[in-house]
1. Run the accessible area of segment 69-207 with a 1.4 Å probe and give the carbon-and-sulfur part as a rounded percent.
2. Using only Cα atoms, tell me the angle between helix 20-29 and the longest principal axis of the chain; keep it within 0 to 90° and round to the nearest 10.
3. Which of the lysines could be linked to K150 by a straight reach, that is with a Cα gap under 18 Å, when you skip same-chain ones fewer than 8 residues away?
4. Please compute the modelled spin-label separation between D312 and E501, points set 7 Å along Cα→Cβ, answer in nm with one decimal.
5. Starting from the 7 Å offset along Cα-to-Cβ, what nm value, one decimal, do you get for the label separation of E463 and F135?
6. Add -39500 (n - 2.57) for each DSSP H run of 4 or more in the chain, then divide by its residues: what number comes out at 222 nm, to the nearest 500 deg cm²/dmol?
7. Given points 7 Å out from each Cα along the Cα-Cβ axis, report the L419 to L348 separation in nanometres with one decimal.
8. How much length is gained if the chain between D169 and L55 is pulled fully straight, taking 0.36 nm per residue apart and subtracting their Cα-Cα distance, in nm to one decimal?
Amino acid sequence: MRSRFMVCIMSGARTAPALFFLGCSALALGVSSASQEHREAEYYVAAVYEHPSVLSPNPLELVSRQEALELMKQNLDVYEQQVMAAAQKGVQIIVFPEDGIHGFNFTRTSIYPFLDFMPSPKLVKWNPCLEPFRFNDTEVLQRLSCMAIKGGMFLVANLGTKQPCLSSDPGCPGDGRYQFNTNVVFSDNGTLVDRYRKHNLYFEAAFDTPANVDLITFDTPFAGKFGVFTCFDILFFDPAVRLLRDFEVKHIVYPTAWMNQLPLLAAIEIQKAFATAFGVNVLAANIHHPTLGMTGSGIHTPLKSFWYHDMDDPKGHLIIAQVATNPQGLTGTGNTTSEMDPSHRKFLKILSGDPYCEKDAQEVHCDEAAKWNVNVPPTFHSEMMYDNFTLVPVWGTEGHLQVCSNSLCCHLLYERPTLSKELYALGVFDGLHTVHGTYYIQTCALVKCGGLGFDTCGQEITEAEGLFDFHLWGNFSTLYIFPLFLTSGMTLDTPDQLGWENDHYFLRKRGLSSGLVTAALYGRLYERK
């Protein structure tokens with residue numbers, strides 16, 4: 001039986017009214033009949049705000065500090081309204097998006113008037129709201145600090161910061177200053193708790209990469225330790241994975257300015273996948289500019305999500321939800337499937353046989369596959385996410401398919417209760433991704449194609465009708481595998497089961513409530529880039 005949290009998840013499609021999420025969070029807050037003290041010990045109330053920022057009309061033009069402050073004030077006024085709305089709901093921590101205060105597309109010179117001076121919180125204990133004259137050029141930090149006090153909550157925001165450097169510093173830029181894309185964390189009394197400087201910049205010429213990776217955590221009285229990183233960082237070992245590996249972090253605050261890219265890297269898709277893969281809570285605030293493909297925020301636990309994705313409404317959106325202080329992961333929580341289940345028994349039988357496959361001229365021949373599919377479908381190639389995937393079509397009401405690339409072989413065991421007039425394909429890619437960033441991936445992906453032609457597989461689509469019961473698995477060379485799962489209408493879904501079996505990583509799902517858009521296992525080989 002689905003919990004009330006799950007009802008919130010399944011109802012969170014992009015067409016839902018904005019006010020639904022406030023109703024959803026209120027429902028979630030009312031599910032426990034335990035005492036107030038007991039609830040506070042097990043849950044906290046979080047908020048993320050997807051912000052349609054006021055942007056500079058000409059980010060390449062050099063403006064005065066006062067003009068920059070006037071533009072940023074418009075965004076900060078909205079932030080304060082959202083803080084006060086969140087305070088009315090008992091929110092204890094709120095997260096705002098990357099670039100939400102100053103905007104983007106600046107040069108190194110044109111962004112300078114928008115930058116605040118940033119002292120190191122590790123060296124200086126400072127409350128900007130109560131000590132506004134301690135440092136020059138800190139107006140944005142002062143405003144954020146006062147918001148945290150006024151709302152009585154921890155506050156996480158992103159801004160541009162500057163730090164003077166000496167010519168004796170070999171890394172010091174020629175203009176004598178470092179410029180950083182910075183997240184700041186304020187406690188509920190306005191104290192600057194810490195700051196994180198983005199490490200993996202995404203074509204951001206205005207900013208510098210810090211010489212050393214910031215591994216930033218902060219403690220809260222309501223949920224313990226949080227970790228911090230920004231946007232593109234989510235795809236890299238440093239700082240994202242190292243934070244979770246080396247620190248006891250169960251909660252991530254994640255400002256982002258993410259441009260959606262289907263079928264594998266929509267904002268809510270990767271946010272949810274990260275939470276599920278690592279068994280942590282992710283509080284993700286994205287910027288809201290649908291004309292640029294930028295939308296998708298959420299409060300994600302490993303098993304449940306409250307999210308927002310809307311490519312039509314120009315307004316911003318506040319998500320509020322109750323979050324477990326000790327998140328329960330999808331693996332190791334008693335969800336192991338009985339081997340008496342016919343589909344899982346068949347999956348285990350195929351694995352135990354581990355059919356011998358030969359690759360010849362880009363085609364894969366597997367003796368065992370033919371036993372499940374009398375007519376072995378053709379192998380073809382199509383571009384997906386700028387990578388050359390090898391694919392096979394998914395035909396018929398049931399079957400077992402395999403497709404290989406380099407060292408990775410992907411399998412799909414499936415049953416379809418009804419056939420839709422759509423083309424689906426199973427794809428594999430094992431190689432270096434080189435467009436819009438360079439990083440090595442191993443990917444097994446079941447995707448709906450854009451049309452009925454093979455060349456449409458990999459296109460960006462959001463609506464689908466095809467229903468599947470399936471196991472998807474592969475012989476991955478990495479332990480870091482992210483389960484991507486989207487259904488029709490940009491709706492998130494959760495696998496029934498994930499895990500390793502006979503050196504293969506698998507995802508299992510039965511009973512989809514809407515058509516499948518993407519089900520993928522997205523592996524990252526960090527050591528290869």
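The values are calculated or read from the model by the stated rules, or taken from the named source; none is laboratory data. In this text, all values refer to a predicted model and were calculated from it rather than measured experimentally. Glycine also receives a Cβ, built like all others from the backbone with ideal geometry; neighbour counts cover every protein chain displayed. SASA here: full protein model, heavy atoms, side chains in, ligands and nucleic acids out. Shrake-Rupley method; radii C 1.70, N 1.55, O 1.52, S 1.80 Å.
1. Details: 2970 of 5480 Å².
Its accessible area is 54 percent carbon and sulfur atoms.
2. Tilt relative to the chain: about 90 degrees.
3. Answer for K150, where 18 Å is the Cα cut-off: K73, K89, listed by chain and number.
4. Spacing of the two 7 Å Cα→Cβ label points: 4.0 nm.
5. 5.1
6. Values: 9 runs with 93 residues, N = 529.
Mean residue ellipticity at 222 nm (helix-derived): -5000 deg cm²/dmol.
7. 3.2
8. On the way: separation 114, 0.36 × 114 = 41.04 nm, distance 3.41 nm.
Length gained, D169 through L55: 37.6 nm.
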